[in-house]
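Contents: one structure, followed by commentary.
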Amino acid sequence: MRKDIENANISNEEVIKLYEPSEKEISTLEHSLRVLNKFQIKNIVELNQIILPASVKTGKDTNEYLLYQFTNGQLTREIFQQFKKAAFNPELDATDGFYLAFKEDLKVQENDLIEYIEAWNKEELKTSYIEMVDYSNGKASFLVKKKIEKFFYNRDTELSTKYYEEHQLMVDIYLKKKIIYFQTRNTVKFSSVKTVIRDFIKYILNIEKFALHPPKLNQKLNFKLKEDGWTAESYDYISPNTIKLLDLFLELDNDKSSFSDFECIDITFDHEYSNQKDVKERINSQNYDGGDLLSKDEVKQLILKKRIILKIKFNIYYKQIIDAANERFIYHSILVGIENTKNSFRLYIYNTDATLKEIISQAYEDLKQVFIEHYSEGTLLNEDKIKSLLGL
């Protein structure tokens, strides 16, 4: 390794916490760098503000530099996990996923979790397998495999052959926030891996019953007094579920977020309290010659009639930081979808432009983080804006 690379700094001012990797982790990073293409590596390097010395000119130089720095304790474990997760993620599309929540406290440290996994894998080897990918910042990430027993009947021999189909997913458990993310758009894989996670948590807690349910989006607007100073203005005629979603949309479109210019283009309502079987109503912005559907009086009236949002699509701009010091940014328009059902909460990005794959993946990570932080917030963050939006 050249001396100028050896003595190079990782970032301008940031103090890096030293991490001493094991031989297996060093080999894993080397393997990861071989699997990833130069654009994927460049994205992680820029995201973590790793400054490469001027003498690093080729992809091979970059890989050598990163490997040397990691071996000598100059890269954090979090950066290593990012390379590992990007290289060996079983689902190529990292811009989709299902969310479930739970009520029980799940307080488990990393070492204990490793022991639980080892014990679980010994007992469940024939049906499932769990590998911990990361444990940091109140989140545990796993690669989860589920073996599905299947049969094939040969009509020539008139005999059946048993085989196994394997489903595998990346799963994040946010321990303090009590929410689980399953990275996939495949509902079959989601359902099969969900049972593994449910049973594994039951195993950790040593309990017989444990339920996973969609994140509860229930939040009410505060009452206010009418002009007479005595009578309270009730907002019970608006679905608490819809109120929480509106709060999320407004939270995306503010100065603190990397997102801006929210515009709803497609929305499907249902009625939470109706006995009717067919009360769904889909509204598309094309019916109104474009524009944000949430600004249309017809849509507002449905919200004020206690209809809940089952599905929604919206355009929003994502800010990519090119040079924070000189305030250089690029804004990308992305199309986001939400499905808010009785079985799960799904959040995904539609964009399929291959040239923007890494940017879209990062946008999804930011989108996911806003949702998870917002979900765990017990109060409304944009109550006055919601009332103004609905004309209250």
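Looking at region 315-365, the chymotrypsin sites (Phe, Trp or Tyr not before Pro) that sit in a DSSP loop and have at most 16 other Cβ atoms within 10 Å of their own Cβ are Y350. In the set (i) 144; (ii) 209; (iii) 233, the label that goes with volume of the Cα convex hull per residue in Å³ computed for this structure is (iii). Mean residue ellipticity at 222 nm, helices only, the chain: -10500 deg cm²/dmol; runs of at least 4 DSSP H residues each add -39,500 (n - 2.57), and the sum is divided by the number of residues.
Tell me the angle of helix 110-124 to the major Cα principal axis of the chain, expressed in degrees between 0 and 90 and rounded to the nearest ten. Helix 110-124 sits roughly 90 degrees off the main axis of the chain. Comparing mean-square fluctuations of D297, D261, D199 from a GNM of the chain with C-alpha springs under 10 Å, the top value falls on D297. The antiparallel fraction among DSSP beta bridges confined to the chain stands at about 100%.
With r defined as the distance between the Cβ atoms of R77 and S295 and R0 fixed at 51 Å, what FRET efficiency is calculated, to the nearest 0.05? In this case the efficiency is close to 0.65. On the beta carbon distance between D236 and E208, with R0 = 30 Å, the FRET formula returns roughly 0.20. Simple rule: put +1 on each Lys or Arg Cβ and -1 on each Asp or Glu Cβ in the chain, find the dipole, and look at L245, I50, A363; the Cα lying farthest toward the positive end is L245. Relative to the longest principal axis of the Cα atoms of the chain, helix 77-88 runs at roughly 90 degrees.
If only the Cβ of Lys and Arg carry +1 and only the Cβ of Asp and Glu carry -1, the dipole of the chain around its Cα centre is close to 960 debye.
In nm, what is the difference between 0.36 nm times the number of residues separating E123 and F88 and their Cα-Cα distance?
Numbers: separation 35, 0.36 × 35 = 12.60 nm, distance 2.51 nm.
Roughly 10.1 nm would be gained on extension.
For the listed residue pairs K305/K387; K145/K189; K38/K84; K139/K342; K126/K178, the alpha carbons are over 20 angstrom apart in K139/K342; K126/K178. Backbone geometry of region 156-173 corresponds, through the Karplus equation with coefficients 6.51, -1.76 and 1.60 at θ = phi - 60°, to 3J(HN,Hα) couplings of 6, 8, 6, 10, 9, 10, 8, 9, 10, 9, 9, 9, 9, 9, 8, 10, 10, 10 Hz, x marking Gly and Pro.
Projecting the Cα atoms of L66, N284, Q81 onto the charge dipole of the chain (Cβ charges, centred on the Cα centre) puts N284 farthest toward the positive pole.
Over 23 Å apart at the Cα level, from the set K103/K311; K147/K216; K107/K220; K194/K216; K42/K177; K147/K311, are K103/K311; K147/K216; K107/K220; K42/K177; K147/K311. Given R0 = 51 Å, the distance between the Cβ atoms of N48 and R282 translates into a calculated FRET efficiency of 0.75.
How many nm separate the modelled label positions at R34 and L304, each set 7 Å beyond the Cα in the direction of the Cβ? So the two model labels end up 6.5 nm from each other. Placing unit charges on the Cβ atoms of the charged side chains and taking the dipole of the chain about its Cα centre, the candidate lying farthest along the positive direction among N37, N326, Y350 is Y350. Compared with the dominant principal axis of the Cα atoms in the chain, helix 187-205 is inclined by about 80°.
Straight-line cross-link partners of K296 among the aspartates and glutamates, defined as a Cα under 13 Å from its Cα and at least 8 positions apart when in the same chain: E263, D266. Entry note, the chain: relative contact order of 13 percent, from Cα contacts under 8 Å with a spacing of 6+ residues. The GluC sites (Glu not before Pro) of region 50-105 include none that DSSP puts in a loop with a beta carbon having at most 11 other beta carbons within 10 Å.
Taking loop as defined by DSSP and a crowding limit of 11 other beta carbons within 10 Å, which GluC sites (Glu not before Pro) in region 113-185 fit? Could the numbers behind the result be given before it?
Numbers: sites: E115, E118, E123, E124, E131, E149, E158, E165, E166; in loops: E158.
Listed in order of number, the matching sites are E158.
When the label point is put 7 Å from the Cα of K176 along its Cα-to-beta-carbon vector, which residues of region 96-135 have a backbone N closer than 16 Å? It comes to 105-110, 135, nothing else.
FYI, it's all coordinate maths here, none of it is from the lab. Note that the structure is a prediction, hence the values are computed from the model and not measured. As a convention, Cβ positions derive from the backbone with ideal geometry for all residues, glycine included, and neighbour counts pool all protein chains shown.
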